[in-house]
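Worksheet: the structure to be examined is printed underneath.
The values are calculated or read from the model by the stated rules, or taken from the named source; none is laboratory data. The shown structure was predicted, so the numbers you read here are calculated from the model rather than taken from an experiment. Glycine gets a Cβ as well: all are built from the backbone with ideal geometry, and neighbour counts include every protein chain shown.
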Amino acid sequence: MKFGIVVFPGSNCEHDCYHVVKHVLRQDVSFLWHKEKTLARSDCVILPGGFAHGDYLRCGAMAKFSPIMESVTRFASEGGPVVGICNGFQILAEAGLLPGALIRNRTLHYLCQDVYLRTDSNASPFTRKIPHGKVLKMPIGHGEGCYYADAKTLSRLEVEGRIAFRYCDPKGNLDEEWNPNGSLKSIAGVLNERGNVLGLMPHPDRCAEAILGNEDGRVLFESVIGL
């Protein structure tokens, strides 16, 4: 399977994703510069974390105009698997590929810590191998990770089973004390209507091999392989 990792000016987690795909999972992978107009026949597209275009205006607000986003949008509309991690999630939301928005953390501080996530949907290429309700531990690193959407959108996400992950305590219980950034409904990751586009703020790319002491993130990449 071939992965394509989109690189914007200011991306800084592209090599983390590359390492997981190439050296941990032994898959074909290439970098895709944001000014390119094709996806180099990629079977799966990753938008990594970082600070695309310095996060000027709003996180992802400038990146959505990059030429490659037309190809990403077309690829997604055809059912191709796309995942946006952290800044990648912000870009997908700004580009209209995912609902809602990511706004400043309720503490107004940058957060860098491990969090627990409850898997609330395994109906996507990236979560299909994760049992429903399973709790994963992953790191976050963001200043604008508070998920926001209007009441109608939140209700629709609930009804359609499109909330992929929620912040929770180690046992899977939802509790505001374990919701680090104040996201509505404790949302940490969402899916598009078709289920082939996933955005999540935590970093599975930073916890995908045993040498790091945690490989909970590995299953997201393994799930999409072989589709």
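A few comments on the model shown:
- Within the span defined as region 135-147, one or more residues are closer than 30 Å to Y56 by Cβ, surrounded by fewer than 21 Cβ atoms within 10 Å (Cβ to Cβ) and of a type in the set (D, E, K, R).
- Taking each residue of region 11-39 that is at positive phi and looking for partners that are part of a loop (DSSP other than H, G, I, E, B) and crowded, with 21+ Cβ neighbours inside 10 Å with beta-carbon atoms closer than 7 Å, six or more apart or interchain, yields nothing.
- Within region 71-84, residues that are farther than 15 Å from L98 by Cβ have Cβ atoms under 6 Å from residues that are outside any helix (DSSP H, G or I) and hydrophobic (A, V, I, L, M, F, W, C) in these pairs: S71/L39, counting only partners at least 6 apart in sequence or on another chain.
- Within the span defined as region 155-166, every residue fails to be surrounded by 15 or more Cβ atoms within 10 Å (Cβ to Cβ), touching a Cys at 6+ places or on another chain (Cβ under 6 Å) and more than 27 Å from E78 (Cα to Cα).
- Applying the criterion of at least 3 residues that are among the hydrophobic types (A, V, I, L, M, F, W, C) to the strands (runs of 3 or more DSSP E) found wholly in region 90-165 leaves 101-103, 111-119, 135-142.
- So D16, is it farther than 26 Å from E158 by Cα, modelled with pLDDT of 95 or more and touching a strand residue (DSSP E or B) at 6+ places or on another chain (Cβ under 7 Å): no
- Per-region count, region 52-79, residues on the phi < 0 side of the Ramachandran plot and assigned to a helix (DSSP H, G or I): 14
- Filter result for A149 (closer than 18 Å to L97 by Cα and out of contact with any Pro (no Cβ under 8 Å at 6 or more places or on another chain)): no
- Applying the criterion of being in a strand (DSSP E or B) and of a type outside the set (G, A, S) to the residues of region 8-42, the residue that is farthest from G145 (Cα to Cα) is D28.
- Of all residues making up region 40-56, the number that are touching a residue at least 60 places away in the same chain (Cβ under 8 Å), crowded, with 21+ Cβ neighbours inside 10 Å and closer than 20 Å to I140 by Cα: 2
- Matching option when the condition is in contact (Cβ under 8 Å) with a residue 12 or more places away in the chain and in contact with a Lys or Arg (Cβ under 6 Å, 6 or more places away or on another chain), among R118, R128, R162, R194: R118
- Of the criteria (1) over 20 Å from V20 (Cα atoms); (2) out of contact with any helix residue (DSSP H, G or I) (no Cβ under 7 Å at 6 or more places or on another chain), which one K185 fails: (2)
- Among all residues of region 43-50, there is at least one that is assigned to a loop (DSSP other than H, G, I, E, B) and more than 12 Å from the chain's Cα centre (by Cα).
- Flag for V20 being of a type outside the set (G, A, S), touching a Leu at 6+ places or on another chain (Cβ under 6 Å) and closer than 21 Å to H142 by Cβ: no
- Residues of region 152-178 that are out of contact with any strand residue (DSSP E or B) (no Cβ under 9 Å at 6 or more places or on another chain), acidic (D, E) and under 21 Å from P99 (Cα atoms): E158 alone.
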